[in-house]
Ligand code: SF4
Ligand code: SF4
Ligand code: FES
């Protein structure tokens with residue numbers, strides 16, 4: 001194993017590692033723009049220049065020492081880039097000395113010569129690597145008095161990504177991402193010298209299903225999201241770690257919230273699951289339904305009209321209906337409810353001895369690929385199956401309902417109309433009692449006798465199990481009428497923290513809704529099943545105690561290890577060093 005010395009510290013590393021990797025793995029940060037652990041090395045920004053040398057030796061092989069007894073270093077005549085220089089045994093690296101700092105200052109001065117003063121209107125401001133380094137690694141002044149070079153601005157690379165040539169620092173991260181990860185090599189450098197910019201090959205669009213990852217990958221504000229542009233300054237938002245519910249992969253995300261509305265989803269690194277990426281569909285689709293079209297408050301049908309009622313009363317009425325049905329109840333779960341929700345549903349079903357409990361399978365082969373996107377569009381099929389609950393399609397279920405004519409259909413997050421399933425108007429028009437425990441308005445309410453308002457993945461604490469068996473933790477990002485940012489440990493932005501009731505940003509809607517497990521516990525109480533769960537932690541403790549595959553897991557460990565694989569609760573796999581590109585980016589953990 002090669003041993004190197006960085007800034008006087010001896011480090012044992014592996015052969016083939018570059019200086020920047022060896023440093024990062026040992027908690028030493030070398031500034032860089034173009035290097036990224038998931039991409040090939042380009043070596044074009046020069047921000048990672050360091051002084052490299054080796055210890056001088058005497059003729060007898062012993063170390064040569066100066067008058068104070070320190071080993072003498074033979075430095076290479078020029079600085080080397082840490083991202084492309086491999087370690088060798090005995091190498092000495094200086095990342096903080098005068099020459100290294102002078103090189104960093106010079107590189108920053110060059111990069112800023114033509115950079116526009118766009119910060120006041122740039123989406124990246126507040127989370128920009130260039131701003132960050134301008135504070136940490138630059139002289140803080142420019143000697144350039146000439147006219148800056150102008151380049152194309154607001155160029156649409158697709159309907160999702162906007163490119164600003166003047167802000168681009170030509171690191172080529174986006175080009176390498178397009179070539180190496182998105183497998184859509186349509187970007188290239190054109191022109192020469194200080195006129196270099198990036199263009200699409202003629203007649204192409206950068207619209208890969210993963211294209212929007214270049215927005216976070218770009219160290220500056222040259223690439224912005226058409227969906228998010230100018231919606232908010234980042235310091236006005238809170239960021240909460242969560243899991244995308246768009247398919248069974250469970251990509252790790254940060255939920256960006258302002259005024260209790262989700263403004264954007266962005267990928268969060270997890271080497272076990274999604275490395276650094278997420279798909280564009282997950283990013284764009286999985287927040288709008290949390291923001292709009294929500295069921296808020298419970299309702300019951302009286303004289304053919306749904307009338308508002310308290311949630312506890314509605315749970316009680318639902319309990320009466322299922323208790324009176326004598327087991328003729330079919331409980332239909334969504335495949336995207338949490339493990340905790342499914343566990344409590346299973347307990348209630350077992351207590352009542354109902355004739356059917358199952359979750360709805362949602363397969364879409366056109367969505368799946370061989371990278372991240374799974375054709376299983378449920379967030380938690382694997383977790384629900386692990387509890388012993390089987391999947392069923394809407395079609396199979398409709399045959400079963402027609403055959404058995406249950407007295408009560410209890411929908412827990414599942415909604416045949418949201419999934420555009422056939423034949424359900426007719427089935428639900430019969431004399432069956434319909435309990436709709438849902439988060440969003442749909443035609444299901446037309447047939448519902450009782451509506452129970454369910455919280456979404458962004459409002460609950462809980463866990464999903466992904467398609468490879470990783471159990472992952474979800475944290476609430478959006479307040480409900482029953483949770484308060486200040487007292488419930490939710491992330492708070494500056495505005496949340498210091499806003500007064502008469503401020504515009506404190507007026508965001510808070511829906512009156514509860515997690516599925518809590519609604520189910522309310523129903524259980526009415527039928528005589530006393531579940532003493534005060535919070536999701538209690539439910540997960542009971543679940544991990546009872547179900548072998550979850551044994552030994554708890555929320556703390558799930559966060560610490562960024563997920564634990566089923567069956568590995570007592571022996572979780574370490575996550576290692578997780579690379580974070582922009583330190584100024586709002587940190588959610
Ligand atoms: S657009 Fe961003 S990621 Fe692409 S080369 Fe320019 S600075 Fe780098
Ligand atoms: S691959 Fe699946 S889990 Fe990942 S971002 Fe896309 S929809 Fe979400
Ligand atoms: S990070 Fe090494 S040259 Fe850019």
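Determine, for each peptide in 275-288, 292-305, the mean count of other beta carbons within 10 angstrom over its residues, then list the peptides with the highest first.
Going from most to least packed, we get 275-288, 292-305.
Helix-derived [θ] at 222 nm for the chain: sum -39500 (n - 2.57) over DSSP H runs of at least 4, divide by residue count, nearest 500?
Helix contribution divided over all residues of the chain: -6500 deg cm²/dmol.
Using alpha carbon centroids, what distance separates region 406-439 and region 137-155, in Å?
The distance from the Cα centre of region 406-439 to that of region 137-155 comes to 61 Å.
Multiply the residue gap between residue 105 and residue 548 by 0.36 nm, knock off their C-alpha separation, and tell me the result in nm, one decimal place.
153.8 nm
For the pair residue 557 and residue 86, what calculated FRET efficiency results from E = 1/(1 + (r/R0)^6), where r is the Cβ-Cβ distance and R0 = 51 Å, to the nearest 0.05?
In this case the efficiency is close to 0.90.
Using a ≥ b ≥ c from the Cα gyration tensor of region 416-561 (square roots of the eigenvalues), is it rounded, prolate or oblate, where a/c under 1.5 gives rounded and otherwise the larger of a/b and b/c decides, a/b for prolate?
oblate
Any idea what angle helix 516-526 forms with the longest principal axis of the chain, computed on alpha-carbon atoms, 0 to 90 degrees, nearest 10?
Long axis of 516-526 versus the principal axis of the chain: about 30 degrees.
Taking the Cα-to-Cβ direction at residue 350 and at residue 375 and moving 7 Å from each Cα, how far apart do the two end points lie in nm?
For residue 350 paired with residue 375, the spin-label model returns 3.4 nm.
Mind running the shape call on region 1-122? Use the C-alpha gyration tensor, a ≥ b ≥ c as the square roots of the eigenvalues: rounded below 1.5 for a/c, prolate if a/b tops b/c, oblate otherwise.
Prolate shape, in that a/c is at least 1.5 and a/b is the bigger ratio.
Applying a 10 Å radius around every beta-carbon, put 341-347, 488-494 in order of their mean neighbour count, most first.
Averaged packing, sorted descending, gives the order 341-347, 488-494.
If R0 is 35 Å, what FRET efficiency do you get for residue 96 and residue 571 from their C-beta distance, rounded to 0.05?
Rounded to the nearest 0.05, the efficiency is 0.35.
Going by the alpha-carbon gyration tensor, a ≥ b ≥ c the square roots of its eigenvalues, is region 373-461 rounded (a/c under 1.5) or, if a/c is not under 1.5, prolate (a/b greater than b/c) versus oblate?
oblate
To the nearest 0.05, what FRET efficiency results for residue 136 and residue 503 with a Förster distance of 41 Å applied to their C-beta separation?
0.80
For residue 580 and residue 323 in one chain, what is 0.36 nm times their gap in residues minus the Cα-Cα distance, to one decimal in nm?
Here the answer is 87.3 nm.
With angles folded into 0 to 90 degrees, how steeply does helix 394-404 sit against the dominant principal axis of the chain? Use alpha carbons for both and round to 10.
20 degrees
Would you mind calculating the gained length between residue 296 and residue 121 on full extension (0.36 nm times residue separation, minus the Cα-Cα distance), in nm to one decimal?
59.4 nm
Under a crude label model (7 Å from the Cα following the beta-carbon direction), how far is residue 55 from residue 431 in nanometres?
9.2 nm
How far, in degrees from 0 to 90, does helix 536-546 lean away from the longest principal axis of the Cα atoms of the chain, to the nearest 10?
Computed tilt is about 80 degrees.
Can you tell me the order of 463-472, 500-509 when each peptide is scored by its average per-residue count of other Cβ atoms within 10 angstrom, highest first?
Per-residue mean Cβ counts within 10 Å order the peptides as 463-472, 500-509.
None of the figures in this text is laboratory data; all of them are computed from the coordinates on show. Bear in mind that the values here come from a model prediction, so they are computed numbers and not experimental data. In this analysis, Cβ positions are derived from the backbone assuming ideal geometry, glycine residues included, and neighbour counts consider all displayed protein chains.
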